[in-house]
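What follows is calculated from the coordinates using simple rules that are stated; it is not laboratory data. Just so we're clear, the structure is a prediction, and the values are computed from it rather than from any experiment. Every residue, glycine among them, receives a Cβ derived from its backbone with ideal geometry; neighbour counts consider all protein chains shown.
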Amino acid sequence: MKKTVIIIILVVVALIVIPQAIFTVDMTQQAIILQMGKYKRTIKKPGLHCKIPFIQSVVRFEKRVLTSDSPPGEYLTLDKKRLKVDHVSRWYITDPLQFYKSVRNEEGGLARFQPIVFSEMRDELAKHNFVDIISVKREEIMEVVAIRAREKVLEFGIELIDVRIKRADLPKEVQQSVFARMRSERERKAKKYRAEGEEEALKIRAYADKEKTVILAEAYEESQKLKGEGDAEATRIYAAAFNKDPEFYNFMRSLEAYEKFLVGKTTLVLGSDSELFKYLDSSKPKD
């Protein structure tokens with residue numbers, strides 16, 4: 001009975017002591033051992049580890065790369081433009097003991113770490129124009145910020161990997177004025193292009209009207225020339241016909257005259273000696 005009680009006591013003690021003496025460190029973690037609040041050793045290898053029960057305690061820290069998504073901040077550029085930047089930082093804990101002494105935990109680390117990055121960004125962005133920051137020089141600027149901030153956060157047992165701009169915008173009140181200025185600029189260019197187009201259209205129309213006038217004048221000149229040549233040819237033909245047989249020519253011309261003025265119920269009054277009468281009066285002998 002006595003042995004049974006002793007065994008039970010030993011089992012109970014073991015159940016209480018063993019969890020206090022043995023602990024595990026995950027592969028994503030690193031830890032430090034404190035004895036009565038004083039540092040004893042650092043553990044970076046994952047697996048089972050031992051410590052003195054009740055006297056020593058374990059403080060675990062993240063071993064993986066941490067990402068800090070900072071709230072957007074406003075900065076002033078070299079050309080005096082306000083810029084709202086949302087940046088992301090990547091970092092990890094290199095010295096758990098130094099990290100514990102200086103900032104205690106991740107929340108404390110961010111509280112000390114983020115102001116340094118903000119300060120370096122403010123100083124560096126103030127050296128560059130707005131266009132450079134949002135375009136070609138962004139990577140170069142962020143690399144300079146990361147280098148300077150990296151030196152300052154080493155004292156916290158932190159290694160800064162990089163700083164990247166996630167988003168860069170103008171403040172809302174500035175955006176409205178910029179959009180209004182862009183709109184007025186586009187409208188000014190549109191008016192300019194329309195005016196140039198109308199001017200070019202007037203030039204084209206004037207040239208077309210000129211060409212039309214020239215073509216019509218040349219066509220009229222050619223038609224008059226051809227008409228004159230036709231009249232001359234007709235006159236020549238008439239003259240040749242008259243010289244061949246004057247009487248027949250006079251007869252044909254008289255018939256043409258009859259056809260023109262003897263239309264419908266036309267009454268014709270002629271003298272007895274009229275030239276036309278000799279072709280209408282069948283009683284009069286022909287010469």
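Annotations
- Cut-off 13 Å (backbone N to label point 7 Å along Cα→Cβ of Val59), residues of the range 21-37: 31-37
- Cα pair distances in the range 68-186, grouped into 10 Å bins until the bin that holds the longest one, percent each: 13, 41, 26, 13, 5, 1, 0
- Efficiency of FRET from Cβ geometry, Arg104 and Glu185, R₀ 45 Å, rounded to 0.05: 0.25
- Estimated FRET transfer efficiency when R0 is 51 angstrom, pair Phe242-Tyr207 (beta carbons, to 0.05): 0.50
- Once the chain from Asp86 to Lys227 is taken as fully extended at 0.36 nm per residue, the excess over their C-alpha distance is 42.0 nm.
- Hull volume in cubic angstrom per residue (convex hull over the Cα atoms of the chain): 431 Å³
- Full-extension gain in nm, Ala219 to Leu97, via 0.36 nm per residue minus C-alpha separation: 33.5 nm
- The range 1-94 gives an Rg/Rh value of 1.36, both radii derived from C-alpha positions and Rh following Kirkwood.
- Over the chain, Cα pairs under 8 Å with separation of 6+ residues give a relative contact order of 12 percent.
- Unsatisfied cross-links (Cα-Cα over 26 Å) in the set Lys3/Lys51; Lys63/Lys101; Lys84/Lys127: Lys3/Lys51
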